Structures are given as C-alpha cells and as structure tokens.
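Beneath this line is the structure, given in structure tokens, with notes to follow.
The values are calculated or read from the model by the stated rules, or taken from the named source; none is laboratory data. None of the values given here were measured: they were computed from a predicted structure. We place every Cβ from the backbone using ideal geometry, glycine too, and count neighbours over all the protein chains shown. SASA here: full protein model, heavy atoms, side chains in, ligands and nucleic acids out. Shrake-Rupley method; radii C 1.70, N 1.55, O 1.52, S 1.80 Å.
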Amino acid sequence: MSEMIPTLKKEDWFHSDGFPIVVERRDPQEPFGLHCHEFAEIVIITGGKGVHITGEDSYELVTGDTFVIGGDRPHDYLNMDQLSLINILFDPLELPLSIGDLQSLSGYHALFTLEPAWRKRHQFTSRLQLNPAELIETLRYVESLDQELKQRSAGFRTMATLTMLQLVTFLSRCYSRTRNPESKKLLRIAEAISHIQRHFDRSISLDDLVEISGMSRRNFIRTFEGTMETSPIKYLIQVRIQEASRLLRSTDRSITDIAFDVGFSDSNYFSRQFRTHLGLSPREYRKQMR
C-alpha cells in the first residue's frame with residue numbers, strides 16, 4: 001500500500017536552506033489526491049467545509065477544526081465547499097519541542113500524540129475545535145511565523161522557531177481547556193504522561209498513574225500501550241534515561257548522583273537500563289560524547 005500512495009518529500013516542500021518549518025496556505029484547497037509525507041503538519045481549517053479522508057475513514061470538517069497529521073498517515077480532502085486551510089509543515093525531529101516545560105502540558109501530548117493515534121476510535125470527535133477568539137489568536141501566530149519565513153532576515157531561524165513554539169503551546173493550552181467529552185478522555189492519558197515529564201525524578205508507580213488518569217487499571221494500560229507503543233513504566237524509564245544522558249553530556253556529576261537525580265534508587269539498575277536503551281554504559285556514553 002505504501003508504494004501506491006505518493007510520499008511528499010522534504011526536499012520538494014522545505015526551503016533549500018533546510019529550515020524545518022513551512023507555512024502553506026490553501027484558499028481554497030484544491031483536489032490533491034491521497035498522499036503521505038516525510039514530515040508532520042498542523043492543519044487549521046479557516047473556512048468552508050469538506051471531508052478529511054485517511055485512507056479507510058472520512059471525517060467532516062468545519063471552520064476552527066485543528067489537527068495534526070503524522071508523516072506516515074495518508075490523507076486527502078473531498079467534497080470541498082470553499083474549504084480553506086493552513087498547513088504548517090514541520091520536521092519534529094529537528095525542532096526543540098522538548099524545550100522548557102512544553103512537554104509537561106497535557107494538551108500537548110493529547111493534541112500531538114494521542115489524538116492522531118486514536119482518531120479512528122473516536123471518529124475525529126476528539127479533535128481540537130477552536131472558537132472564534134482562539135482561531136483569531138492562532139492566525140496571529142501563523143501570520144507572524146509566515147512573515148519570518150518569507151523575509152528570512154538575519155535571525156529568522158530563532159524568531160520562527162520561537163513563534164512556532166508559541167503556536168504549539170497556545171494550541172496545546174486550547175486543547176487542555178476543551179469541554180469535548182472525547183477530548184477529555186485523551187487528556188486523562190495525557191495527564192499521566194505530563195506527570196511523568198514533570199516528576200520523573202520522584203518515585204512513580206503504576207498505581208499513581210492509574211489514579212491520575214481516572215481510568216480503570218486495565219483500560220489505562222491498554223490505552224497507554226496502544227498510543228505510546230510501550231508500557232507506562234517503560235516510558236517512565238525512557239524519560240529518566242533521556243534526562244540522564246543530558247546530564248552525562250553537560251555536567252561532571254558522578255554517575256551515582258545522576259542516577260539518583262533522575263529517579264533511580266539503585267545505580268547498578270540505572271546502569272543496566274542505560275545500556276539496554278543506548279547500548280553503552282553511562283561511563284562509556286560520557287566518554288564518547290566528550
């Protein structure tokens with residue numbers, strides 16, 4: 001199936017300087033054909049109506065609908081009635097989306113990870129629906145981003161990246177405020193993820209995460225694993241190892257201290273987990289990275 005569906009290449013859509021953000025305005029959106037891409041995109045419906053199809057499923061679109069499409073997810077638009085939209089193409093691997101406390105926002109995880117993964121189950125009812133005031137504010141960020149990308153003045157990379165982060169943060173906050181019942185279900189899992197991001201250095205049990213989610217233990221584990229492709233505790237360990245690797249690169253703290261800093265109570269267990277995830281011992285990793 002992947003061979004039959006064309007894949008949009010970064011080299012054809014991104015600027016030749018390689019900067020990983022592009023703003024594409026479609027007013028109106030023209031027939032394009034089912035496709036996927038080597039990048040992700042935020043889609044903001046700014047007017048009209050249409051149907052969003054993802055190969056097997058189709059969803060009605062109206063003004064204010066905002067959603068994220070992963071690169072490997074085929075999609076297209078049909079039955080367009082003056083449908084206008086904005087696509088913000090971006091390469092998540094080249095953007096500092098882990099900066100600051102962005103990943104501590106439950107709305108971020110819900111909008112960028114959970115909603116795309118569970119779209120079929122929720123029949124798109126868990127999408128972000130911006131109200132008029134939120135849409136106006138969103139378009140203000142988009143316009144600022146678009147201007148930086150068009151002018152490409154000295155320092156545009158910094159300004160465009162900061163504006164993109166502001167936009168992502170704003171949309172994440174909007175999702176966190178939703179009253180949509182299906183969106184609230186996703187936010188329960190997202191709350192558990194954000195709790196891990198904020199408190200990975202503390203003792204966190206599976207029971208703690210289940211309680212935060214407000215779901216049954218079985219449903220929480222099934223939903224978490226189905227979305228994140230790993231168990232809650234394995235995800236917690238991944239977050240701890242990621243932070244430990246940063247501390248090994250950027251500080252001279254002892255390996256034992258770093259193990260405790262990121263939430264491990266046993267430095268030997270930390271070393272075993274570090275090798276399992278990165279293929280090197282903490283000491284070997286520090287030596288190689290310096």
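Of note:
- Of the listed requirements (1) more than 30 Å from Ile5 (Cβ to Cβ); (2) under 13 Å from the mean Cα position of the chain (by Cα), Tyr141 misses just one: (2).
- Residues within the range 92-129 that are touching a residue at least 60 places away in the same chain (Cβ under 8 Å), more than 18 Å from the chain's Cα centre (by Cα) and over 17 Å from Gly226 (Cβ atoms), tallied: 0
- Flag if Ile221 is at pLDDT below 95, of a type in the set (A, V, I, L, M), over 18 Å from Gln103 (Cα atoms) and in contact with a helix residue (DSSP H, G or I) (Cβ under 9 Å, 6 or more places away or on another chain): yes
- Residues located in the range 247-271, provided they are under 27 Å from the mean Cα position of the chain (by Cα) and open to solvent by 50 Å² or more (accessible area, probe 1.4 Å): Arg249, Ser250, Asp261
- Here Glu225 meets each of (1) touching a residue at least 24 places away in the same chain (Cβ under 8 Å); (2) surrounded by fewer than 20 Cβ atoms within 10 Å (Cβ to Cβ) with one exception, condition (1).
- Identity of the residue in the range 207-231, among the aliphatic types (A, V, I, L, M) and in a helix (DSSP H, G or I), that ends up nearest to Ile241 (Cα to Cα): Met228
- Residues located in the range 157-178, provided they are farther than 30 Å from Arg222 by Cβ and open to solvent by less than 30 Å² (accessible area, probe 1.4 Å): Ala160, Thr161, Thr163, Met164, Leu165, Leu167
- Pairing residues of the range 236-261 that are among the aromatic types (Phe, Trp, Tyr) with residues that are crowded, with 16+ Cβ neighbours inside 10 Å and modelled with pLDDT of 95 or more, at Cβ distances under 9 Å and at least 6 apart in sequence or on separate chains, gives Phe260/Phe270.
- Residue in the range 179-188 that is polar (S, T, N, Q), free of Cβ contacts under 8 Å to residues at least 60 places away in the same chain and surrounded by fewer than 18 Cβ atoms within 10 Å (Cβ to Cβ) present: yes
- Positions within the range 68-122 being of a type in the set (A, V, I, L, M, F, W, C) and either assigned to a helix (DSSP H, G or I) or out of contact with any helix residue (DSSP H, G or I) (no Cβ under 9 Å at 6 or more places or on another chain) (or both), in sequence order: Leu78, Met80, Leu83, Leu85, Leu93, Leu102, Ala110, Leu111, Phe112, Leu114, Ala117
- Out of Ile204, Ile193, sole residue that is open to solvent by less than 80 Å² (accessible area, probe 1.4 Å), in a helix (DSSP H, G or I) and touching a residue at least 12 places away in the same chain (Cβ under 8 Å): Ile193
- Residue list for the range 183-204, filter: among the aromatic types (Phe, Trp, Tyr) and either within 14 Å of the chain's Cα centre (by Cα) or within 12 Å of Phe220 (Cα to Cα) (or both): none
- Taken over the range 38-84, the criterion of being modelled with pLDDT of 90 or more, surrounded by fewer than 17 Cβ atoms within 10 Å (Cβ to Cβ) and small (Gly, Ala, Ser) is satisfied by Gly47 alone.
- Some residue of the range 272-286 being touching a residue at least 24 places away in the same chain (Cβ under 8 Å) and surrounded by fewer than 13 Cβ atoms within 10 Å (Cβ to Cβ): yes
- The single residue among Ala154, Ala133 that is part of a loop (DSSP other than H, G, I, E, B) and either free of Cβ contacts under 8 Å to residues at least 24 places away in the same chain or exposed (fewer than 15 other Cβ atoms within 10 Å of the Cβ) (or both) turns out to be Ala154.
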